[in-house]
Amino acid sequence: MIAPSVARTARAPRRARLAAVAATSLLLAACALPINRQPPQQTYRLTAARIDSAPLPRPVVLQLLPVRAAAGFQSPAMMYSRSADTLDPYRDSRWLAPPAQLIGDAIAHTLSRQPWVSAVQQQGALASAPWALHCTLDRLEHDVRGTQGSAHLDLTCELADPRTRRISAHWHFDGSQSLAVNDAGHFARGAQTLLDQALADVVQRTRAVVAADQEAKPTAP
């Protein structure tokens, strides 16, 4: 017969081995579990376009009112749609700022580079501005139809004469750009391509109105 103290001594190494095996099994099981890591947030922006236009006899000051945004486009969310009646935000991608703000800054910077523009007012009135430009972002989204996708930009603008409070020009840019891949990066590049086209439209139409006004009101000798 084995004494109780001897039996306990014999069972101690066995318990230690069982505990080590159990700990190893738990560690291996933990390594096998899926880890739900939050993907990094991707941020995209829209920038001004380098557009060249001819000078005019008298450079003008333009007042740019804040770009308004239609419902659904008032936050930095990047929006996509899978049908005509749906609109959803990307989970892990967003604009650097609300797209209306980015577009407004792009319009201001693009116009300020033109030789016929002496200044673009965005905040307080620093001087008397003979022209006021106001745009509304109606749509900037990634249209997904099966495997085919496209970026869509819908922008409405009007140019007013504050002296007479009359609308001198009103136009609507509605463009789409096919995407090779349906992801946020390709959508952002497609949106920039469309914005470049819309900015060229803004420059051309605004300059045409200013040029016609200067031809109708030549400088006195």
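The values are calculated or read from the model by the stated rules, or taken from the named source; none is laboratory data. Since this is a predicted model, take the numbers as computed values, not measurements. Methodologically, a virtual Cβ is constructed for each residue, glycine included, from the backbone with ideal geometry; neighbour enumeration extends over all protein chains shown.
Restricted to segment 29-49, and to residues that are at pLDDT 95 or above and in a loop (DSSP other than H, G, I, E, B), which residue is surrounded by the most Cβ atoms within 10 Å (Cβ to Cβ)?
Checked segment 29-49; the qualifying residue surrounded by the most Cβ atoms within 10 Å (Cβ to Cβ) is Leu46.
Arg14 - would you say it is in a helix (DSSP H, G or I) and either modelled with pLDDT of 90 or more or loosely packed, with under 14 Cβ neighbours inside 10 Å (or both)? Steps first, answer last, please.
Details: in a helix (DSSP H, G or I): yes; either modelled with pLDDT of 90 or more or loosely packed, with under 14 Cβ neighbours inside 10 Å (or both): yes.
So Arg14 fits the description; yes.
Yes or no: segment 169-185 includes at least one residue that is in contact with a Phe, Trp or Tyr (Cβ under 7 Å, 6 or more places away or on another chain) and over 21 Å from Thr47 (Cβ atoms).
Taking segment 169-185 as the starting set, the residues that turn out to be in contact with a Phe, Trp or Tyr (Cβ under 7 Å, 6 or more places away or on another chain) are 179, 184.
Filter once more, keeping what is over 21 Å from Thr47 (Cβ atoms): none.
Checked against the condition, which is being in contact with a Phe, Trp or Tyr (Cβ under 7 Å, 6 or more places away or on another chain) and over 21 Å from Thr47 (Cβ atoms), segment 169-185 yields no hits at all.
If you check Leu62 against the conditions, is it part of a loop (DSSP other than H, G, I, E, B) and either within 26 Å of Ala208 (Cα to Cα) or more than 15 Å from the chain's Cα centre (by Cα) (or both)?
Here the answer is no, as Leu62 does not meet what is asked.
Would you point out the residue of segment 147-176, among those that are under 21 Å from Ala200 (Cβ atoms) and of a type in the set (Asp, Glu), that is nearest to the chain's Cα centre (by Cα)?
This residue is Asp154.
Only residues that are more than 25 Å from Thr147 (Cβ to Cβ), within 19 Å of the chain's Cα centre (by Cα) and hydroxyl-bearing (Ser, Thr, Tyr): list them for segment 73-126, please.
Those that are more than 25 Å from Thr147 (Cβ to Cβ), within 19 Å of the chain's Cα centre (by Cα) and hydroxyl-bearing (Ser, Thr, Tyr): Ser75, Thr110.
Give me the pairs, please: first residue somewhere in segment 163-190 and closer than 18 Å to Pro99 by Cα, second residue anywhere and at pLDDT 95 or above and of a type in the set (Phe, Trp, Tyr), beta-carbon distance under 8 Å, and either six or more positions apart or on two chains.
Ala184/Tyr44; Ala184/Tyr90; Gly185/Tyr44; Phe187/Tyr80; Ala188/Tyr44
Pick out the one residue from Arg68, Arg58 that is surrounded by 15 or more Cβ atoms within 10 Å (Cβ to Cβ) and of a type in the set (D, E, K, R).
That would be Arg68, the only listed residue that is surrounded by 15 or more Cβ atoms within 10 Å (Cβ to Cβ) and of a type in the set (D, E, K, R).
All but one of (1) modelled with pLDDT under 95; (2) surrounded by 13 or more Cβ atoms within 10 Å (Cβ to Cβ); (3) among the polar types (S, T, N, Q) hold for Ser75; state the number of the condition that does not hold.
Failing condition for Ser75: (1).
Residues that are at negative phi and β-branched (Val, Ile, Thr): list the strands (runs of 3 or more DSSP E) wholly contained in segment 79-189 that include at least 1 such residues.
117-121, 131-145, 148-161, 166-179
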